[in-house]
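Engineer: I'd like to ask you about the structure that follows.
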Amino acid sequence: MSVFAAIAVLAVLILVHELGHFIAARSQGIHVNRFSLGFGPILWKYQGKETEYAVRAFPLGGFVGFPDDDPDSDIPPNDPNLLRNRPILDRAIVISAGVIANLIFAYFLLVAQVNLVGISQASQPGVYIQQLAPEVSSVASNAGIKPGDVIVAANNKQFGTSLQEIEALREIIKTNAGNPIQLEIARGNERLSLSVTPEAKPNGGSIGVGLAPNGKVVRRRVNNPVEALNLGAKEFQRIIVMTFQGFKQLITNFGETASQVAGPVKIVEIGASIAQNDTGSLFYFAALISINLAIINILPLPALDGGQLAFLMIEGLRGKPLPTRVQESVMQTGLMLLLGLGIFLIVKETSQLEWVQKLFQ
């Protein structure tokens, strides 16, 4: 059932994305002749006054169809409510609406996580030192840091119970290679002031320690709606920044980060694990995927929403659209590349599943 829960989450996110396109078009009076959740054979369909609504066999996708390119459509080619006959701004709204819908939905998922399930945090303030790693550097040991110490402040920044305090401390260490950092340490009932100078490494400063939340990880439900909206916004911003940093690392350090790219099978596997072990985190998982789906779709790549927006931008600069043959050629090439990448990731990740590997042992 956990696998079905993960697939259901992805299907909902795709539905939200396509609903964004659909609502943006219909609210402007633009003709829409198809709305489909999924690809492949039709399992269920309903013919509305103008639009055919369908659910298809493979839920990891979907599309909104317009009669512009439908040879069987009886709508005149010069109809002002065809998408291609609308001004650039109207078309840009329709194309970008899926991304906007995913971002808005992600934000409210995070608010729901905080309000209904609770926000994870440490039971005690500070960042716990798990162990030292002298084989990497003896920096921490020389500074007097010991396993079991709790860092309560670094360079006058106080650390509370948020799980993000670990990342904040890592960032201070990373950006201060060769520069001393003033630490406040809690060791039992003692309070110590120590200075540690991070050693320069390829990815920034390091002091060779393992960091963890201080105490147990607990959940705190936020019943105040204003606080829930505020915490949801902070987490939304953090995920956006984290996602862009991930794409930056993928571009600047492709060799080391390419193996971390996850396809549909891996995403479902992760979601299934969360559904089985920590159902409450499905809100967060869905928000994370929704934000990634939005950012990937807005990239200026052929066959994605960002690619279509790039065509609109070129049209605005030229005063006329690129030839249809050029647009179709670029889109088809991009679609083939994306399909090829998708098939490669599906085959690769399926072969790495534990039950699949057992079949060949």
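The values are calculated or read from the model by the stated rules, or taken from the named source; none is laboratory data. Just so it is clear, the model here is predicted, and its values are computed rather than measured. Ideal geometry is used to build each Cβ from the backbone, glycine not excepted, and the neighbour counts take in all protein chains shown. Side chains included, ligands, DNA and RNA excluded: accessible areas come from the protein's heavy atoms. Shrake-Rupley method; radii C 1.70, N 1.55, O 1.52, S 1.80 Å.
Engineer: Which distance in Å, rounded to a whole number, links the C-alpha centroids of the range 21-52 and the range 60-92?
Structural biologist: The distance from the Cα centre of the range 21-52 to that of the range 60-92 comes to 12 Å.
Engineer: In addition: Applying a 10 Å radius around every beta-carbon, put 293-306, 105-118 in order of their mean neighbour count, most first.
Structural biologist: Working: 293-306: 18.7, 105-118: 20.9.
Top of the packing list down: 105-118, 293-306.
Engineer: How far apart, in nanometres, would the label points at VAL218 and GLN130 be if each is projected 7 angstrom from Cα along the Cα-to-Cβ direction?
Structural biologist: It works out to 2.2 nm between the two label points.
Engineer: For ASP149, which sequence-distant residues (separation of 5 or more, or a different chain) have an amide H within less than 5 Å of its own amide H, given hydrogens modelled in the peptide plane?
Structural biologist: For ASP149, whose amide H was placed from the backbone, the distant partners under 5 Å are ILE129.
Engineer: Between GLU227 and SER193, what length in nm is gained on full extension when 0.36 nm per residue of separation is reduced by their alpha carbon distance? Let's see the in-between values first.
Structural biologist: Values: separation 34, 0.36 × 34 = 12.24 nm, distance 3.42 nm.
Extra length available between GLU227 and SER193 comes to 8.8 nm.
Engineer: Can you give the extra length, in nm with one decimal, that the chain gains between SER138 and ALA168 once fully stretched, where that is 0.36 nm per residue apart less the Cα-Cα distance?
Structural biologist: Extending this stretch completely gives an extra 8.6 nm.
Engineer: How much of LYS320 can a 1.4 Å solvent probe reach, expressed as accessible area in Å² and rounded to 10?
Structural biologist: The accessible area comes out at roughly 120 Å².
Engineer: Rounded, prolate or oblate for the range 1-77? Axes are the square roots of the Cα gyration tensor eigenvalues, ordered a ≥ b ≥ c, and the cut-off for rounded is a/c under 1.5.
Structural biologist: Working: a/c = 2.87, a/b = 1.87, b/c = 1.54.
It comes out prolate by the Cα gyration axes.
Engineer: Given R₀ = 45 Å, FRET efficiency for ASP72-LYS248 by Cβ-Cβ distance, to 0.05?
Structural biologist: Values: r = 45 Å, r/R0 = 1.01.
In this case the efficiency is close to 0.50.
Engineer: From zero outward in steps of 10 Å, how is the percent of C-alpha pairs of the range 277-329 spread across the bins?
Structural biologist: 23, 34, 20, 14, 8, 2
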